[in-house]
Amino acid sequence: MDHEKVNILLVDDQPAKLLAYEVILKDLDENLVIASSGREALEVLLKTEIAVILVDVCMPELDGFELAAMIREHPRFQKTAMIFISAIQVSDIDRLRGYEMGAVDYVPVPVVPEVLRAKIKVFAELYRKTRELERLNRELEDRVRARTAELENSTAKLRESEQRRSMAIAAGKMGSWDWDWISGDWMWDEGQYRIFGVSPDSFAVNPANVQALLHPDDVEQLRKAIAEFNKGTRAYETEFRIIRPDGEVRWCVGTAAATVDDSSRVVRVSGVTVDITERKRAEERQNLLAREVDHRAKNALALAQSIVRLTRADEVKAYVNAVEGRINALARVHTILSLSSWQGAELSRLIDEELAPYSLGGQIVLAGPEVQLLPTTAQTLALALHELFTNSAKYGALSTRSGRLAIRWQVENQLLTLSWEESGGPLVMTPKSRGFGTRSLLASVESQLGGQAQFDWRAEGLLCRLEVPLTRKTSAASPSGKFEDASSAELQRASG
């Protein structure tokens, strides 16, 4: 039998009767589910979709009437078909009570197999048809909802499109026009006059006057559009420039569509003009910014490459720490410059970023005015400060709690003078040779910034004096891309 099987629940406390029901109903080819008590039947109902319930009226603990009442209390089973089987003679009052409990039929004992099968088959088929109808209704509702949503979406898009068009015209960025191809008459709306910077009171719309407002290099676009329509083109779009009567050049994009007669001859051309000057300017700024970002990225990568290649250490861990420290210093100044859109960086901010890990209970004193550094100066000076802080933390004043560090700076005639004075730390000995950090500091300050770096290895603490011009244009600022070679060569000399 080609149908989807349904579940039929057989409820009786006597196994022999359950077996008899199974034998009688086997030919229906449905799923027979067995429950030997009312409570077991309730558990089955909560887990399984049941089409028909065949229940014995007389059962211990929970009889058929009580089970039916409990089933009907659940919203999910209020329409489930229940057939009572009674082995005792029932009166009309008993039948009425059964129907009130939700029974759809009574079957007396002894059971006539053909009658029971016929009754079960009817309700099983009714359940199947009901489910099919519910499925079809759901599908229909889904289609109706989808169609309604589609219509609402289309309406919303049309409304939104009209609102955008109205807002664009109101803002003076869009205009529409119409050209009678046969008579040569033109019609412009207010937005079109506004884009071209002319007044409807004094400007006569005709091909000659319109062409006079086009940029000389874009006049050919108009001729090409006319030729395309004569060849059978029905729509055309192009970008062009106009020169307003006051001399201002504006960028526009024009879209045109042709209307033809029965013989496919063009009779009218209508179109929309959009002022895209601001977009064009934004694109130019974006292209310039992209080139600038590319240039600065190459500069930063060149510095990182030099740091990695030229850092020296006796063991891997020391090498990794040294490289990470210098790269992090470069990253910190890059963040500061990014926040200012690469306009520059405050010297005090650079110092704050570098001293953050070492600021211990007033050990460090800062004094100096606000100084705005050029991006390239900030990058180089940040690496120099990093080397000073690192050396001090390893061997100088910041290596002990008794140490003190004073950083003072001043500006005079565009020359930044920064003094680094350590005291209270370990006894200082003049080094026999300069390490990479000191040599790279000297190379970066003197070669890249055109300044001077002086070191005084006093016994009570290092005294360093940096002099940095604030206006010198270094090789790093040049858009020629020569920074990489210059910086690498200078650091190479420092490591040699």
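For the range 7-136, the relative contact order is 24 percent, taking Cα pairs closer than 8 Å that sit 6 or more residues apart in sequence and dividing their mean separation by the residue count. Approximating the spin labels as points 7 Å out from Cα along Cα→Cβ, the Thr255-to-Leu136 distance works out to 4.5 nm. Scalar couplings 3J(HN,Hα) for the range 173-188, obtained by applying the Karplus form with A = 6.51, B = -1.76, C = 1.60 to θ = phi - 60°, are 9, 9, x, 10, 8, 9, 10, 6, 5, 7, 8, x, 6, 10, 9, 10 Hz; x denotes Gly and Pro. Between the range 205-282 and the range 1-69, the C-alpha centres lie 81 angstrom from each other.
Taking 0.36 nm per residue of sequence separation and removing the Cα-Cα distance, the Gln454/Asp201 pair yields an extension gain of 83.5 nm. Computed on the range 174-275, with alpha-carbon pairs under 8 angstrom and 6+ residues apart, the relative contact order is 32 percent.
Could you work out the relative contact order of the range 43-83, using alpha carbon pairs under 8 angstrom and six or more residues apart, expressed as a whole percent? Over the range 43-83, the number comes to 47 percent. Net charge within 14 Å of Trp186 by Cβ-Cβ distance, Lys/Arg positive one each and Asp/Glu negative one each, not counting Trp186 itself? For residues surrounding Trp186, the net value is -3. What FRET efficiency, computed as 1/(1 + (r/R0)^6) with R0 = 45 Å and r the Cβ-Cβ distance, is obtained for Gln414 and Met187, rounded to the nearest 0.05? Result of the calculation: an efficiency of 0.10.
Between the beta carbons of Glu284 and Glu220, assuming R0 = 22 Å, the FRET efficiency works out to 0.40 to the nearest 0.05. Computed from backbone phi, the HN-Hα couplings of the range 217-226 come to 6, 10, 4, 4, 4, 5, 4, 5, 4, 4 Hz, rounded to whole numbers (Karplus: 6.51 cos²θ - 1.76 cosθ + 1.60, θ = phi - 60°; Gly and Pro given as x). With θ taken as phi - 60° and the Karplus curve 6.51 cos²θ - 1.76 cosθ + 1.60 applied, the whole-hertz 3J(HN,Hα) list for the range 114-121 is 5, 5, 4, 4, 5, 5, 4, 4 Hz, x standing for glycine and proline. Summarising the amide proton neighbourhood of Val6: residues at separation of 5 or more, or on other chains, whose placed amide H is nearer than 5 Å comprise Asn31.
With the simple model of a label 7 Å out from the Cα in the direction of the Cβ, Asn31 to Ala146 spans 2.8 nm. Between amide H atoms placed 1.01 Å from N, distances below 5 Å from Arg404 occur with Ser423, Gly424, Gly425, all of them 5 or more places distant or on a separate chain.
Summary of packing: across the peptides 9-20, 218-229, 136-147, the per-residue average of other C-beta atoms within 10 Å ranks them, highest first, as 9-20, 218-229, 136-147. Amide H to amide H distances under 5 Å link Leu416 with Val468, Leu470, where only residues 5 or more positions off or on other chains count and H is placed in the peptide plane.
Computed log10 I(q)/I(0) for the range 174-275 at 0.11, 0.12 Å⁻¹: -0.31, -0.37, from the Debye equation with unit scatterers placed on every C-alpha and solvent omitted.
Listed by chain and number, the aspartates and glutamates placed with their C-alpha closer than 13 angstrom to that of Lys17 are Asp56; residues fewer than eight positions away on the same chain are left out.
None of the figures in this text is laboratory data; all of them are computed from the coordinates on show. Only a predicted model underlies this, so the values are computations on that prediction, with no experimental measurement involved. Note that we place each Cβ from the backbone using ideal geometry, even for glycine, and neighbour counts take in every protein chain shown.
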